[in-house]
Amino acid sequence: MKLKSLFAVAALAAGSSAVHAQDLNITVTNLTQAIYFTPLITAAHTADNQMFSTGSAASAQLQAMAEGGDISGLSTLLTGVNADVNENPAGGLLAPAMSTSFMLTNSENNDYLSLTAMILPSNDGFVGLDSWMIPEEAGTYTIYLNAYDAGTEANNELVVEGSGAPGVAGIPAAPGGDAGTGGTGVTSSEGNTMVHIHRGNLGDDNLSGGSSDLTNNVHRWLNPVAKITVVVM
């Protein structure tokens with residue numbers, strides 16, 4: 001499959017421009033109560049390349065990230081198109097209310113900033129920033145990020161060991177250690193198979209049964225789920 005078929009085409013912002021080769025000081029903050037982010041991948045890239053696009057089918061590389069937190073495929077694709085990439089700045093999971101900061105320098109023509117990470121516990125949910133145009137003017141910029149559903153797996157809300165592999169239904173982990181067991185499954189199918197805004201976990205109040213292994217007063221969320229602060233030097 002050609003690389004361009006794996007990356008959706010981003011529309012150029014009319015009448016706007018960005019300065020080339022600027023240093024960016026980036027801070028990502030988890031705004032949720034009990035949701036964790038798997039290792040982040042952030043990239044400055046050209047207008048022709050996106051990590052994801054709402055309303056479009058997820059690439060295999062996005063699916064691997066959204067279902068199992070594996071960013072290696074996205075990293076390979078981004079490196080192949082000369083994007084400037086930062087991987088796993090938190091050194092693992094980014095816990096609720098925690099932040100991570102890192103530097104990224106955008107090379108010539110890499111005028112757009114994107115970010116993704118899986119959200120846990122979820123089946124194929126991820127936090128995302130899609131092709132934010134890096135401003136021309138130096139300063140501090142704040143962006144609030146939504147949670148997206150990759151559309152590649154039914155949100156059954158069942159914690160299943162080994163389900164981080166693409167195509168294996170289930171939530172691979174609940175890092176907070178506060179999930180239940182014995183759920184029957186919230187659903188076995190999804191109507192929207194494109195990347196879309198996540199409906200959030202539903203959960204239930206039965207820790208040893210019910211339809212979900214997740215708890216309705218712990219694992220639910222509302223957008224936005226993250227804040228990113230970009231200092232353009």
Restricting attention to segment 63-76, the residues that are within 12 Å of the chain's Cα centre (by Cα) and either within 16 Å of Ala154 (Cα to Cα) or free of Cβ contacts under 8 Å to residues at least 60 places away in the same chain (or both) number exactly 8
All but one of (1) among the hydrophobic types (A, V, I, L, M, F, W, C); (2) exposed (fewer than 15 other Cβ atoms within 10 Å of the Cβ); (3) closer than 30 Å to Asn106 by Cβ hold for Val230, so report the exception by its number. (2)
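Per-residue answers, yes or no, for (1) surrounded by fewer than 17 Cβ atoms within 10 Å (Cβ to Cβ); (2) closer than 13 Å to Gly200 by Cα; (3) touching a residue at least 24 places away in the same chain (Cβ under 8 Å):
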residue	(1), (2), (3)
Ala117	no, no, yes
Asn123	no, yes, yes
Phe126	no, yes, yes
Glu137	yes, no, yes
Asp149	no, yes, yes
Leu158	no, no, yes
Ser163	no, no, yes
What is the number of the single condition among (1) modelled with pLDDT of 95 or more; (2) assigned to a loop (DSSP other than H, G, I, E, B) that Ile228 does not meet? (2)
Residues in segment 49-62: is at least one buried (at least 20 other Cβ atoms within 10 Å of the Cβ) and part of a strand (DSSP E or B)? no
Select from segment 92-115 the residues that are on the phi > 0 side of the Ramachandran plot and out of contact with any strand residue (DSSP E or B) (no Cβ under 8 Å at 6 or more places or on another chain) and write down the one among them that is surrounded by the fewest Cβ atoms within 10 Å (Cβ to Cβ). Gly92
Find all pairs meeting these conditions: Cβ atoms under 9 angstrom apart; at least six residues apart or on different chains; first residue within segment 179-204 and at positive phi and surrounded by 15 or more Cβ atoms within 10 Å (Cβ to Cβ); second residue of a type in the set (S, T, N, Q) and not in a loop (DSSP other than H, G, I, E, B). Gly203/Thr215
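The values are calculated or read from the model by the stated rules, or taken from the named source; none is laboratory data. The structure displayed is predicted, hence computed values, not measured ones. As a convention, Cβ positions derive from the backbone with ideal geometry for all residues, glycine included, and neighbour counts pool all protein chains shown.
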